[in-house]
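Chemist: Encoded as structure tokens, here's the structure I'll be asking about.
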Amino acid sequence: MRIAPALNGLERLKARFHGYAYDWHRHDTYAVGVTLEGVQTFDYRRTTHNSLAGQVIVIHPDERHNGRAGSTAGFGYCMVYIEPSRIREAVELPRLPFVPETIFSDRSLARTILAAFRSFPQALPELESDAFIARISDQLVRRSDEKQKQRVLTAAKARMKTVRDFLDAEFNRPVESQELEALTGLSRYSIARHFRICYGTSPYRYLLMRRLAEARRRIVQGTPIVDVAIDLGFADQSHLTRCLHRMFGLPPGRLRQLALGSLPNSK
């Protein structure tokens, strides 16, 4: 079992078990996860549930349950635990969403959950964490019997342009959620939701892509990778390398090699 540090009302866990895993217990959070392999069996709400690889599990706050392997092969899963107060801040509803199904197949929700484990167990940056909670909250509402307003008001669109302009100007450093809240007068979750509607991505991803584009430009020009990482606010050289590879499909050295090979007078 591996657990990433709990930050901003969000905790992530990844584990694999054979046989009996957990006694009866309960969480004061939403527990939303994906079974990665095997059969994940647990008792919950007077029913025995069996989750297969790829299926999503939702357990509501303060609900008693246990856990065990449903076959001799064991099971693996990843789970996010989100404080109800964070969900409540993120949704535009009079009450917390209740998902009647405990186990179900939902590729969109599964992809959202798995995206939070790309850099696991490293801590998620605040902007990424906020965007994740906003998306999970929207997905929980979609699976519940509640509905929230989806329209983007004209005023919100103008504020999202202000956010985008701010991120363009401040791309070379980490930006905190409270900065965007102060800039727009909106909550961090409203910002994450409206920005995605307007620009197809989250403020965190938009900022990261601006930083990576600048990193690629500097690396191609010959700036040492470690200097680029420090100047653009990455944790270290390996962090920048991983991000560049995920974004462009090539490591920094290969990017530089290909760019130099494309110059007219290069050999």
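Chemist: Please work out how much length the chain gains when fully extended from LEU93 to PHE120, using 0.36 nm per residue of separation minus the C-alpha to C-alpha distance, in nm with one decimal.
Modeler: Working: separation 27, 0.36 × 27 = 9.72 nm, distance 3.11 nm.
6.6 nm is the gain from fully extending LEU93 to PHE120.
Chemist: Can you work out the Karplus-derived ³J(HN,Hα) for every residue in segment 76-83? Use 6.51 cos²θ - 1.76 cosθ + 1.60 with θ = phi - 60°, whole Hz, and x for glycine or proline.
Modeler: For segment 76-83, the Karplus curve yields x, 7, 10, 9, 10, 10, 10, 4 Hz.
Chemist: Ignoring ligands, DNA and RNA, please state the percent of accessible area on segment 1-53 from carbon and sulfur, probe 1.4 Å. Each step should come with its number before you reach the end.
Modeler: Details: 1500 of 3000 Å².
Roughly 50 percent of what the probe reaches on segment 1-53 is carbon or sulfur.
Chemist: Right, here's the next one. Which ³J(HN,Hα) values in Hz, rounded to whole numbers, follow from the phi angles of segment 34-41 under the Karplus curve 6.51 cos²θ - 1.76 cosθ + 1.60, where θ = phi - 60° and Gly and Pro get x?
Modeler: Running phi through 6.51 cos²θ - 1.76 cosθ + 1.60 with θ = phi - 60° gives 10, 6, 8, 7, x, 10, 9, 10 Hz.
Chemist: Please give the contour-minus-distance gain from MET209 to ARG45: 0.36 nm per residue of separation, less the Cα-Cα distance, rounded to one decimal in nm. Mind showing how you got there, number by number?
Modeler: Working: separation 164, 0.36 × 164 = 59.04 nm, distance 4.37 nm.
So the extension gain works out to 54.7 nm.
Chemist: Go ahead and run the numbers for FRET between ASP168 and ARG107, Cβ-Cβ distance against an R0 of 30 Å, rounding to 0.05. Don't skip to the end; give the middle numbers.
Modeler: Working: r = 33 Å, r/R0 = 1.09.
Result of the calculation: an efficiency of 0.35.
Chemist: If you don't mind, there's one more thing I want to ask. I need the Kirkwood Rh of the chain: take the reciprocal of the average 1/r across all distinct C-alpha pairs and report it in angstrom. Don't jump to the answer; show the numbers that get you there.
Modeler: Details: mean 1/r = 0.0490 Å⁻¹.
Over the chain, the inverse of the mean reciprocal pair distance is 20.4 Å.
Chemist: For the chain, with only Lys/Arg (+1) and Asp/Glu (-1) charged at the beta-carbon, what is the dipole magnitude about the Cα centre, in debye rounded to 20?
Modeler: Numbers: 40 positive and 28 negative charges, 192 e Å.
I would put it at about 920 debye.
Chemist: Taking amide H positions as placed in the peptide plane 1.01 Å from N, state which residues far from THR29 in sequence (5 or more) or on other chains have amide H under 5 Å from it.
Modeler: Here the answer is ASP62, since their amide H atoms fall under 5 Å of that of THR29.
Chemist: Under a plain spin-label model, where a point goes 7 Å from the Cα along Cα-to-Cβ, how far apart in nm are ARG254 and GLN237?
Modeler: 1.9
Chemist: Based solely on its DSSP helices, what 222 nm [θ] is calculated for the chain when runs of n ≥ 4 H residues each add -39,500 (n - 2.57) and the sum is averaged over all residues, nearest 500 deg cm²/dmol? Show your work: numbers first, answer last.
Modeler: Numbers: 10 runs with 117 residues, N = 267.
Roughly -13500 deg cm²/dmol at 222 nm, from the helical runs in the chain.
Chemist: Moving on. Please work out the FRET efficiency for the pair MET1 and THR223, using the Cβ-Cβ distance as r and a Förster radius of 41 Å; give the result to the nearest 0.05. Each step should come with its number before you reach the end.
Modeler: Details: r = 41 Å, r/R0 = 0.99.
After rounding to 0.05, the efficiency reads 0.50.
Chemist: Could you work out the pair-distance distribution P(r) of segment 1-132 from its alpha-carbon pairs, with 5 angstrom bin width and percents rounded to whole numbers?
Modeler: Bin by bin from 0 Å, the calculated values are 2, 10, 20, 25, 22, 14, 6, 2, 0.
Chemist: Between ALA53 and GLN178, what is the label-to-label distance in nm when each label sits 7 Å out along the Cα-to-Cβ direction?
Modeler: Placing both labels 7 Å beyond Cα along the Cβ direction yields 4.5 nm.
Chemist: Could I ask something else about it? Alpha carbon centre of segment 24-49 versus segment 65-83: separation in Å?
Modeler: What the calculation gives is 6 Å, centre to centre.
The values are calculated or read from the model by the stated rules, or taken from the named source; none is laboratory data. Since the model is a prediction, treat every value here as computed from it, not as a measurement. Positions of Cβ are generated from backbone atoms using ideal geometry, with glycine treated the same way; all protein chains shown enter the neighbour counts. Side chains included, ligands, DNA and RNA excluded: accessible areas come from the protein's heavy atoms. Shrake-Rupley method; radii C 1.70, N 1.55, O 1.52, S 1.80 Å.
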